[in-house]
Amino acid sequence: MHLNLVYVFSAPGLSIDFTVASQGTKRKRDQEPSSSIKSLLTTDMEIMLKAKQIMKRVTDNLVHTIIMHRDITSKINKMNNVSRKKATIGIFGKSGEGMSSLLSAVLGKKDLLPSGRFGACTPVVIQVEANLTDSNYIAEIHLVSEEDWEKELKDLFTVLSSDSEEDMNDDLVEVAEEKITALYGADADKKTLEELKNDEKYAEIKTFLSTSEDNMKTISKSDVSEFAYDIGCYILRSQSSPGGLYWPLVKSVKIKIPDCRELLEHIVLVDLPGTGDCNRIRDNLWKSNLRECSSVWIISSINRAVTDKDPWGILKHYVEKLGPGGECKSINFICTKTDDINPAAYIRAERLTIDHNLEDKDQKKVCILHRNDHAKTRVKEKFENSEIKKRFSNVFLQVFTVSSNAFFDTNLNLESIETEIPKLQDDLRILNKNINRELTRDYVNEAKGVLSLIQSVQLDTDKKTAETKDKIYTELEKNLKKALMELDSCFDTIYSDLKQCLSKGVEESVQLCVASTKAMISPNIDKRGFHKILQALCKNGGCYWSKNWDVILDLNKQLTRHMHEYINEYFNLIFPVTGTTGKSVQEQIDKFSIIQSDSASPGSPILHHIQNFIKTEETKLKASLKRDVVDAKKQIYSSIQITIKKEMSSCYEEAAAVTGIGSMKKRQELLITTVDEIKHDMFNKAKTEVLKKLQKLKLYIKDALESELKRSMKLSLSQTSKIKLMDVSKEIEQLERLSEQLSD
């Protein structure tokens, strides 16, 4: 089925294998990575291999002194076992937009994913990543617990059993009917819950959940077609064949694909369907994945890429979770189905002048390429003029116009490169390569540091060295104390400035919150229709997202709007997603160092190696802390809305319980009165929570720097040996050359 080009390197503790999958001889060259990217991938792999071989030789030599130098050996072992969180690319797309075909094409696996209904059709979060262990297609299906499903099933029947037509929300009713019939078969929604419990299908589902190990089911297949068929019932909706579909029980699915190391070794693709599901577990999982996205793919068919309000609406509504409250650095807007065009109609509509001597298939190609260029221009213009761009001041937007069908079918008369699938593949390869290079650079630098430590022990034969070591330890302690004081001062400035922004936000929020609440929950629209929306909003903790994404209401977000507006600009200065601002926490960490240029090292080779080791430890620690800062900033930013939602939660529960005649007015009055009564306390609590988390971050960073660097100082300055160790000067030189290759 596939022609595979496999490059394999092996060494003790290391197996590197990246494979280029192809669909056939004719397109083989087009689907391989560009020569420059492929060369870089190969070079980085070779550098990592050589560095690990060097460290393996050193480790073998140390085996006889392992008791005396267990700290050094332990550091080398930890280097070989290092792991890092993968980069997340979030994918938005409505069902029918060609998402499954797109992912299958990008991964070079035709019909990998069940077609037509994959994507936004279910609330299931689906992750796609590389299988780095074997050649099977694997799906890890995470299920809700038996207890959670019992609770949700009860809620679904409560929705269906409402006595008042006025209290029934059409969206919630439709979701409830669909989930119940998907699992238990046609007409199951017409039964009562007690009647359903007597059905054998109910017992079957109960057994299925209770016997699933750790609430997870695993599917592993060597054949892609069998795999796609077997996972279908966990992610597909089907109106025509109810019963036996398990997607209502699924929280998330992790799909692992073989032979795509070069694309996804350090990347995970996450399909992010629309939220607003009845199940809050899935809803929270969706939002947490959103905050993890370092890049976003927006999928829309080309004929409505600019006018389609769904992806643009989601992006606008959750821009804070991607930008200030997340880590998104780039957006790819992907226009699909570019081959789906009526050439004659398009020529008339666009008034194109085309050579009529061209064959029909060539005229079609001209129309496709013309529409592609036009779509790219319009999408970019819409983005540049949107509010989204203001929030994503440094974000990088690319527009792709793709045809998954033409990528696999040469008869559609588009060259492979014109389908732009190879461009998306290269986009993944470049990201994967950059992460791989960073990991390789980190390993080589840490290896140099460890070898410097070994060499300092090797050279420690002079009894006078102990006195000099004491001197350098004293100096490093002094430098550490000074650097911590400077960091503390910078954090105090950040704290003071952010507090000032928050105070202004609190003041404006208190003044405008009642009016903002009234504007959202008492709009001048059809009252009967809005009654159901308001009821659903209260039941879902202040948020309503219609099934078709055309109505998105979030009272918690509305209440936090003014506080966020006052902190956004400064927040982006202290926690930028990309680049430098001169004020960011990440930059303050970068400046931190206990190795000063004028440190006392009077031509001593031993102290030179000790300083190199400490510099390496410093660099590794600061890189780790900067990643922690990204996670902390998400918690700090989101804490405002989390606090508001918590303070409003009892009100939402009370309002959701209101029924009968005049219930909508009672809910509105209850919400407005509550907001007015608790506004001062609520917004000040949100402000306090932000500042408390910022202070916690400061203490965490200072404590980590102080404790870890003191440990490194002690380790480097206390190592002595009566046993002659290996001279690693040549190995250090070899690592220096590898480091230079990485810089090039």
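The values are calculated or read from the model by the stated rules, or taken from the named source; none is laboratory data. Keep in mind that this is a model prediction, so the values were computed, not measured. All Cβ positions, glycine included, derive from the backbone under ideal geometry; neighbour counts span all protein chains shown. The accessibility values were calculated without ligands, DNA or RNA, using every heavy atom of the protein model including side chains. Shrake-Rupley method; radii C 1.70, N 1.55, O 1.52, S 1.80 Å.
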Practice item. Just the number, please: carbon plus sulfur as a percent of the accessible area of segment 204-249, 1.4 Å probe, no ligands or DNA/RNA counted. Key: 45 percent
Study note, to complete from the structure: Carbon plus sulfur, as percent of the 1.4 Å-probe accessible area of segment 499-655, comes to 50 percent
**Study point:** Kirkwood hydrodynamic radius over Cα pairs of segment 122-233, then Stokes diffusion coefficient at 20 °C and 1.002 mPa s, in µm²/s
**Key:** 132 µm²/s
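Using only the Cα atoms, what convex hull volume per residue in Å³ does segment 470-576 have? Working shown, then result.
Details: hull volume 17.2 nm³, N = 107.
Spread over its residues, the Cα hull of segment 470-576 gives 160 Å³ apiece.
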Practice item. Name the shape class, rounded, prolate or oblate, that the alpha-carbon gyration tensor gives for segment 338-486, where a ≥ b ≥ c are the square roots of its eigenvalues, rounded holds for a/c under 1.5, and otherwise prolate holds if a/b is larger than b/c and oblate otherwise. Key: prolate
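State which entries of Lys287/Lys620; Lys329/Lys389; Lys482/Lys710; Lys433/Lys634; Lys78/Lys254 exceed 20 angstrom in Cα-Cα distance in the structure shown. Each step should come with its number before you reach the end.
Working: Lys287/Lys620 30 Å; Lys329/Lys389 12 Å; Lys482/Lys710 14 Å; Lys433/Lys634 26 Å; Lys78/Lys254 28 Å.
Table pairs above 20 Å Cα-Cα are Lys287/Lys620; Lys433/Lys634; Lys78/Lys254.
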Study note, to complete from the structure: Charge tally for neighbours of Tyr229 with beta carbon under 11 Å away, counting Lys, Arg as +1 and Asp, Glu as -1, is -3
Practice item. Please give the peptides 136-143, 292-299, 511-518 ranked by average Cβ packing (other Cβ atoms within 10 Å per residue), highest first, as a rough proxy for protection. Key: 292-299, 136-143, 511-518
Study note, to complete from the structure: For segment 188-273, the Cα-Cα pair-distance distribution in 10 Å bins from 0, as whole percents, is 12, 36, 34, 13, 5, 0
Revision key, fill the gap. Against the 2.2 N^0.38 Å rule of thumb, the C-alpha Rg of segment 642-681 sits at a ratio of 1.19
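Applying a 10 Å radius around every beta-carbon, put 173-186, 204-217, 320-333, 222-235 in order of their mean neighbour count, most first.
Ranked by mean Cβ neighbours within 10 Å, highest first: 320-333, 173-186, 222-235, 204-217.
Could you work out the local net charge near Val366, counting Lys and Arg as +1, Asp and Glu as -1, over the other residues with Cβ closer than 15 Å to its Cβ?
Net local charge, Val366 excluded: -3.
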Exercise for review: Roll a 1.4 Å probe over the protein chains and send me the accessible area per residue for segment 426-489 in Å².
Suggested key: 48 Å²
Check your understanding: Counting Lys and Arg as +1 and Asp and Glu as -1, what is the net charge of the other residues whose Cβ lies under 11 Å from the Cβ of Lys389?
Key -> +2
Point to revise | Surface/4 of the Cα convex hull for segment 641-744, nm² | key: 14.7 nm²
Exercise for review: Per residue, how big is the convex hull around the C-alpha atoms of segment 551-678? Give it to me in cubic angstrom, could you?
Suggested key: 155 Å³
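Please label the shape of segment 412-526 as rounded, prolate or oblate, based on the square roots a ≥ b ≥ c of the eigenvalues of the alpha-carbon gyration tensor (a/c under 1.5 means rounded; beyond that, a/b larger than b/c means prolate, else oblate). Intermediate values should be presented prior to the final figure.
Details: a/c = 6.64, a/b = 1.37, b/c = 4.84.
In terms of gyration-tensor shape, oblate.
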Study note, to complete from the structure: For segment 450-514, the Cα convex hull volume per residue in Å³ comes to 101 Å³
Review point. Extent of segment 612-688 along each principal axis, from alpha carbon coordinates, in Å, largest to smallest?
Key: 76, 24, 12
Practice item. Order the peptides 650-659, 98-107 from the highest to the lowest mean number of other Cβ atoms within 10 Å of their residues. Key: 98-107, 650-659
